[in-house]
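These notes concern the structure reproduced below.
Read the figures in this text as sums done on the coordinates, not as results from a lab. This structure is a prediction, so every number in the text was calculated from the model and none was measured. Heads up, the Cβs are rebuilt from the backbone with ideal geometry, glycines too, and the neighbour counts pull from every protein chain shown.
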Amino acid sequence: MSAKINQNFLKLNESYLFSEIARRIRVWQSENPEVADKLIRMGIGDVTRPLPKTVVEAMVSAAREMGEAETFRGYGPEQGYDFLKDAVQKYYTRFGVELKSDEIFISDGAKSDLGNILDLFDKDNTVLVTDPVYPVYVDTNMMDSRKIVYAEAGEENDFLPMPAPEYAADIIYLCSPNNPTGAVYDRAALTKWVEFAKEQGSIILFDSAYECFVTGDYPHSIYEIPGAREVAIEFCSLSKKAGFTGTRCGYTIVPDTLERCGGNLNKMWLRRQTTKFNGVSYITQKGAEAVFSQDGEEEIEENIRYYRDNAKIITDTMDKLNIYYTGGKNSPYIWLKCPGEMDSWEFFDRLLKEVYVVGTPGAGFGKSGERFFRLTAFSTHENTREAMERFEVFVEKLR
């Protein structure tokens, strides 16, 4: 007898995109120790601003509670404490979205739930992703051997592909504002996707992890679109909104009206979570509750403005150099066309070796990402300005 493994794992790329980037940086640093300290990282989407003061104070207070017999808490509800679900509920009312408390599930971040939600779906389902694509959408479905269809994006549609008959699928992943392209669907476009899902009987998995960067009349939530409750599950994270990348907290919305093949997906997700998940810690959830307080939101808005200023420094440079890009205005990501017709890994290597700036090669996000490159606004003002000055010099040398 011998334990059988999931052979689908052997079909995955051996190296995750960011692992390969880290490997190339290590090699460069070992070969160039005299300039290694000049490296500016603008690739991975990790925040640099600290947790807001109000959030930290709430977590410290919660930690003290856990140290006293009278206020100590053991296992909490797997779907989240009511105090945090109530805060999320009130937040959504600003967008005209009314949620029920039992439709909100607190999680340790959007990434894990975007993969775990697949427990609810048969492995014979066909999955549609937009290309370029956040790798988690693809890899988690490859692990289950699902057929994946790609809706290709490019300059011709400003990296916002729209529904088409050839994109018929059971599960549809949408991310807006998009990672990696920073492109944002407007209401009319999201309405077409909702109508398409209704016609096909599809479920939309809507990743709104960057909704806090949205300005103007762009939707923050897919539930702002009529009919979305019948076709969509929404995932959101506090990672970019409040700096929770190392603290881990987010939430998933599963409407209680969402049903397929005689099964209620809200009840199924509750059953899944109570079986496989023990919930997010009380201390973390108290910190997350403070995110939605008046003081917390004022501090968070200051951080988001800081990142928006960085994005403007980047987009101003792209405009000056007449480089095509998407994102940067409602997103922390700037998706630019590689100058000189370079492929994205060549551009990565040259940018690293010649001006010591790190970004993310678009090819790592799929076929349609080739010859494109992602920069992020998650850095300091000083590093962003310095990086763009170097970038400008580098590009001018190519011309």
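Taking Lys and Arg as +1 and Asp and Glu as -1, the other residues whose beta-carbon sits under 12 Å from that of LYS397 total 0. Here the stretch 199-273 was treated as a single set of alpha-carbon atoms; its pair distances binned every 5 Å from 0 give 3, 14, 22, 22, 17, 13, 6, 2, 0 percent. Across q = 0.15, 0.16, 0.21 Å⁻¹, the stretch 130-225 modelled as identical point scatterers on its alpha-carbon atoms has Debye log10 I(q)/I(0) values of -0.57, -0.65, -1.16, in the order of the q list. Of the residues GLN285, GLN200, GLN294, which exhibits the maximal mean-square fluctuation in a Gaussian network model of the chain defined by a 10 Å Cα contact cut-off? Residue with maximal mean-square fluctuation among GLN285, GLN200, GLN294: GLN294. For the stretch 53-293, taking the reciprocal of the average inverse distance between every pair of different Cα atoms yields a Kirkwood hydrodynamic radius of 18.5 Å.
Exposure proxy ranking for CYS236, CYS249, based on other Cβ atoms within 10 angstrom of each Cβ and starting from the fewest, stands as CYS249, CYS236.
Please work out the Cα center distance from the stretch 325-350 to the stretch 124-180, rounded to the nearest Å. The stretch 325-350 and the stretch 124-180 have Cα centres spaced 20 Å from each other.
Between ALA232 and ILE204, the built amide H atoms are under 5 Å apart, and every one of these is 5 or more places off in sequence or on another chain. Largest GNM mean-square fluctuation across LYS286, LYS90, LYS337, computed for the chain with C-alpha springs under 10 Å, falls on LYS90.
Simple point charges give the picture: +1 on the Cβ of Lys and Arg, -1 on the Cβ of Asp and Glu, and for the chain a dipole about the Cα centre of about 660 debye.
Using the alpha carbons alone, the radius of gyration of the stretch 282-399 stands to its Kirkwood radius in an Rg to Rh ratio of 1.08.
The alpha carbon convex hull volume per residue for the stretch 339-398 rounds to 70 Å³. Residues THR130, THR93, ranked from the fewest to the most other C-beta atoms within 10 Å, line up as THR93, THR130. Overall, the stretch 306-395 carries a charge dipole of about 280 debye about its Cα centre when +1 sits on the Cβ of Lys and Arg and -1 on the Cβ of Asp and Glu, all other atoms neutral.
In the stretch 6-71, the ratio of gyration radius to Kirkwood radius, Rg to Rh, stands at 1.25 when only Cα atoms are counted. Take the Cα radius of gyration of the stretch 292-361 and divide it by 2.2 N^0.38 Å, N being the number of residues; the result is 1.39. Could you tell me how far the Cα centroid of the stretch 280-317 sits from the Cα centroid of the stretch 371-396, in Å? The stretch 371-396 and the stretch 280-317 have Cα centres separated by 22 Å. Amide H contacts of LYS147 (H built 1.01 Å from N, in plane; Pro and chain starts excluded): VAL127 sit under 5 Å, all sequence-distant by 5 or more or on other chains. Less than 5 angstrom separates the built amide H of ALA153 from those of ASP131, all sequence-distant by 5 or more or on a different chain. The phi torsions of the stretch 182-191, fed into the Karplus equation with coefficients 6.51, -1.76 and 1.60 and a -60° offset, translate into couplings of x, 6, 10, 6, 8, 5, 4, 5, 5, 4 Hz, rounded to whole numbers, with Gly and Pro shown as x. Of THR245, THR326, THR181, THR315, the sequence from fewest to most neighbouring Cβ atoms within 10 angstrom is THR245, THR315, THR326, THR181. The stretch 32-70 and the stretch 207-227 have Cα centres lying 27 Å from one another. Per-residue ellipticity at 222 nm from helix content only, as computed over the chain with -39500 (n - 2.57) for each DSSP H run of at least four residues, stands at -12000 deg cm²/dmol.
Just checking the listed ones, ARG229, ARG146, ARG64: in the Gaussian network model of the chain with Cα springs under 10 Å, the one fluctuating most is ARG64.
Using all pairs of distinct alpha-carbon atoms, the Kirkwood hydrodynamic radius of the stretch 262-333 works out to 16.1 angstrom. Within the stretch 58-200, the proportion of Cα pairs with more than 25 Å between them is 45 percent.
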